[in-house]
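Remarks on the structure that follows.
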Amino acid sequence: MTTPGRYHLLLSSGGRPVVHGWWESEATARRKFRTWVGDWGRPGARITLTDEDTGGQLDEWPAVVSGQS
């Protein structure tokens, strides 16, 4: 059994996961992130890119503005 790639994309809507994707290449994952935002970025959607090795979030849409809640 193979493990999913290091870089994880998640599209969620209404707080529920809709689509997942994993890639070994960060460059590929970032390219897919931009594509997903263009294809599925709509009100109510959230798209995140996470490095599964470090647990760090690399990008998100819509972007959260610091200091605002």
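We did not get these values from a lab; they are worked out from the coordinates using the rules stated. Only a predicted model underlies this, so the values are computations on that prediction, with no experimental measurement involved. Cβ placement follows ideal geometry from the backbone for every residue including glycine, while neighbour counts extend to all protein chains displayed.
Which label marks the calculated value of Cα extents along the principal axes in Å, given the options (1) 40, 25, 21; (2) 39, 21, 19; (3) 29, 24, 24?
(1)
Give me the angle, in degrees from 0 to 90, between the Cα long axis of helix 26-40 and the longest principal axis of the Cα atoms of the chain, rounded to the nearest 10.
40
Find which of A45, W22, G5 sits farthest along the positive direction of the dipole of the chain, computed with +1 on the beta-carbon of Lys and Arg, -1 on that of Asp and Glu, about the Cα centre.
After comparing all options, I get A45.
Calculate, in nm to one decimal, what V18 and T3 gain on full extension: separation in residues at 0.36 nm each, minus their alpha carbon distance.
The span from V18 to T3 would gain 3.4 nm if fully extended.
Please report, in debye to the nearest 20, how large the charge dipole of the chain is about its Cα centre when each Lys and Arg carries +1 at its beta carbon and each Asp and Glu carries -1 there. Mind showing how you got there, number by number?
Numbers: 8 positive and 8 negative charges, 63 e Å.
So the dipole magnitude of the chain works out to roughly 300 debye.
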